[in-house]
Each structure stands twice: as structure tokens, then as C-alpha cells.
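No value in this document is a laboratory result; all are computed from the given coordinates. Since we're looking at a predicted model, the values are computed, not measured. FYI the Cβ positions are ideal-geometry reconstructions off the backbone, even for glycines, and counts take in every protein chain you see.
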């Protein structure tokens, strides 16, 4: 598995709540930080403070290998009660020259919702690259370990997604805001 191939991973969970409730949670950019082991907080950078195509938000992250960092994400997909996606950009230049192009993101994250008779199947996915990241910096230092580094990062992200999805399910099913 090579970084240049756009490695990706996905998790899914069935939620006993209508899609409208789940949508409310996945588009609240602050909610995943309550559950995620890596995303510490997020805040809208646009004045409206609501999800819209092209809207941007900052994510503040922490990882035992990479330390702490900030990213800027741009909403690139928004289909109410169906799909919410964003491209993570390295506008601060933490991983190389500043990158502000959603066509060359650090990663693309996505939630997709599927209505199922009063329940919702929620999927979360991520595709890494093609922009520079902490992973590409590690690959630069240890090119002979590229496959292990990519697999390890995907495993770490998948575990975080599973934790986040379980938190979203608990919140959606108990009805708390």
C-alpha cells in the first residue's frame, strides 16, 4: 500500500434514530471532538458558522506521534441528510509549503447517511492525500517502511472513527443535544 494510491478506510454503524437527528450531529463540527481521540476541537472560520459548500473550519488535533497541530478544512460536499464531506488543508504549512487547494488536500473526510425504516446507517470515511501531511513526512524519513506507516495510520484513523461513530450513535439515540 502506497501513499500515492490515495489510501482510504471506512467505518459504519447502525443508529436507531432518524436521519434528520444524525445529520444534525454530523454537521455540528464541534460534536465529533467530544468523542474523537485525535480531534480536540473545531470551530467555524466563516461568519455564518454553518455548514455550506466552501465554508471553512479549523480543527485542532493531537496525536502521540505527531504532537499538536491545527488544520483548516473546507466543506466540499453537502447533501442534506445524505452526505457531508470536507477537504483538510495545510494552510499553515506544518507539513511543507502552505497548501490551500481543496484539490490537493491532506485528506478528505466524509459522512454518508442511509435512511433505513426509522434508523440510519452512518458511514465515516477518509482518503489520505495527495497533499503533504505528518504521514508523508514520516515516509520521507523512512521510505522503506512506507507500507507499514500507511497501514498503521489507517488503523489509527479507523479506531478513532469507530470511537467517534459510537459516540454519535449514543448521542443520537438518547436524544440529548
Exercise for review: Give me D for the chain in µm² s⁻¹, whole number, from Stokes-Einstein with Rh from the Kirkwood sum over alpha-carbon pairs, 25 °C and 0.890 mPa s.
Suggested key: 148
**Study point:** Fully extended contour minus Cα-Cα distance, from residue 53 to residue 145, at 0.36 nm per residue
**Key:** 29.4 nm
**Study point:** Per-peptide average of other Cβ atoms within 10 Å, ordering 11-19, 164-172, 93-101 highest first
**Key:** 164-172, 11-19, 93-101
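Using alpha carbons only, what's the Rg to Rh ratio of the stretch 73-177 with Rh from Kirkwood?
Radius of gyration over Kirkwood radius for the stretch 73-177 works out to 1.05.
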Point to revise | Acute angle (nearest 10 degrees) that the helix 146-174 long axis makes with the longest principal axis of the chain, alpha-carbon atoms | key: 20
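Given an 8 Å cut-off on Cα distances and at least 6 residues of separation, report the relative contact order of the stretch 71-132 as a percent.
28
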Review point. Using the alpha-carbon centroid of each, what span in Å lies between the stretch 87-103 and the stretch 48-86?
Key: 13
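Kindly provide the helix-only [θ] at 222 nm of the chain, computed as the sum of -39,500 (n - 2.57) over DSSP H runs of four or more divided by all residues, to the nearest 500 deg cm²/dmol?
Details: 3 runs with 45 residues, N = 177.
Mean residue ellipticity at 222 nm (helix-derived): -8500 deg cm²/dmol.
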Check your understanding: What's the exposure ranking of 111, 60, going from fewest to most Cβ atoms within 10 Å?
Key -> 60, 111
Check your understanding: Expressed as a rounded percentage, what relative contact order does the stretch 3-174 have, with Cα pairs under 8 Å and six or more residues apart?
Key -> 30
Review point. Which ordering of 65, 115 is given by a fewest-first count of other beta-carbon atoms within 10 Å?
Key: 65, 115
Review point. Which three extents, in whole angstrom, do the alpha-carbon atoms of the stretch 55-103 cover along their principal axes, largest first?
Key: 34, 23, 13
Review point. How do 26, 126 line up, fewest other C-beta atoms within 10 Å first?
Key: 126, 26
